[in-house]
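First up is the structure itself, then whatever we jot down about it.
The values are calculated or read from the model by the stated rules, or taken from the named source; none is laboratory data. Just so it is clear, the model here is predicted, and its values are computed rather than measured. Cβ: placed from backbone, ideal geometry, glycine included. Neighbour counts: every protein chain shown.
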Amino acid sequence: MYSTRCTYCRQLINLKTEEVRAAVEEATAKKEKIYVMHCPKCRKLVKIQVKHLKLKLPQEIAAPAAEEEQPEPETPEFGVPAQ
């Protein structure tokens, strides 16, 4: 969640995590450093730096690649003698 205020009317603007993620993706696709949105109250432009939005995104934890690549050991089936 990201909160900011309109610079003109001082209206509090809250962005949910999904909205922040969409804003970052949109700005990144356009290669912009500032995301521009309209204030819901006065409809004037509010500028937000993309780096501030990125800081508010939750960090995704990636599984270690070493664990995924290891094959599982083969277990002998019952009744078959191991050679």
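Of all residues in the stretch 35-60, those satisfying the criterion of being hydrophobic (A, V, I, L, M, F, W, C), surrounded by 11 or more Cβ atoms within 10 Å (Cβ to Cβ) and more than 17 Å from residue 8 (Cα to Cα) are 50, 53, 57. Residues in the stretch 10-29 that are at pLDDT 95 or above, part of a loop (DSSP other than H, G, I, E, B) and loosely packed, with under 12 Cβ neighbours inside 10 Å: 10 only. Tell me, please, whether a residue that is at negative phi, part of a loop (DSSP other than H, G, I, E, B), out of contact with any strand residue (DSSP E or B) (no Cβ under 8 Å at 6 or more places or on another chain) and at pLDDT below 90 can be found in the stretch 49-58. There is at least one residue in the stretch 49-58 that is at negative phi, part of a loop (DSSP other than H, G, I, E, B), out of contact with any strand residue (DSSP E or B) (no Cβ under 8 Å at 6 or more places or on another chain) and at pLDDT below 90. What are the residues in the stretch 1-33 that are in contact with a strand residue (DSSP E or B) (Cβ under 8 Å, 6 or more places away or on another chain), in contact (Cβ under 8 Å) with a residue 40 or more places away in the chain and polar (S, T, N, Q), if any? Across the stretch 1-33, the qualifying residue is only 4.
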